[in-house]
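Have a look at the structure below before the remarks.
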Amino acid sequence: MSDVQQAMALLITSFNKYSGKEGDKYTLSKGELKELLQNELSELLSKANDKAALDRIFKDLDTNKDNSVDFGEFVNLVSCLTQMCHEYFTNKK
């Protein structure tokens with residue numbers, strides 16, 4: 001499996017690890033998202049414990065306003081964070 005395929009599989013596995021604990025296995029509730037952010041992305045999202053920040057992240061991710069974050073919305077978050085970490089963007093002035 002290529003590196004990109006492994007990364008894709010890891011995204012799916014990570015999402016599935018947290019989704020469905022509180023209901024629909026294809027979405028993340030706000031509580032599930034909080035747990036995922038704290039456990040998997042805490043170094044990048046230092047405000048994952050801040051309730052107001054978490055509310056804003058959840059609201060921004062929930063683009064279809066169904067009060068849950070689906071896999072596509074989760075991938076958008078990871079994509080944006082990946083871009084923020086890439087040297088092309090971090091070295092731009």
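The values are calculated or read from the model by the stated rules, or taken from the named source; none is laboratory data. Predicted, not measured: the structure shown is a model, and the values here were computed from it. Cβ placement follows ideal geometry from the backbone for every residue including glycine, while neighbour counts extend to all protein chains displayed. Areas reflect the complete protein model, heavy atoms only, side chains present, ligands, DNA and RNA absent. Shrake-Rupley method; radii C 1.70, N 1.55, O 1.52, S 1.80 Å.
Laid out as a table, the results:
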item: Förster-model FRET efficiency, 22 Å R0, Lys17 and Thr82, C-beta, rounded to 0.05; result: 0.70
item: Net dipole in debye of the chain [+1 Lys, Arg Cβ; -1 Asp, Glu Cβ; about Cα centre; nearest 20]; result: 240
item: Dipole axis of the chain (+1 Lys, Arg; -1 Asp, Glu on Cβ), positive-most option in Gln6, His86, Phe71; result: His86
item: For the chain, the spread of Cα positions along each principal axis, largest first, Å; result: 40, 36, 24
item: Carbon plus sulfur fraction of accessible area for the chain, probe 1.4 Å, in percent; result: 54
item: Local electrostatic count, Ser19, Cβ distance below 12 Å [Lys/Arg +1, Asp/Glu -1]; result: -3
item: Mean Cβ neighbour count within 10 Å, used as a protection proxy, ranking 1-11, 31-41 highest first; result: 31-41, 1-11
item: Amide H partners (placed H, <5 Å) of Leu28, local residues excluded; result: Val69, Asp70
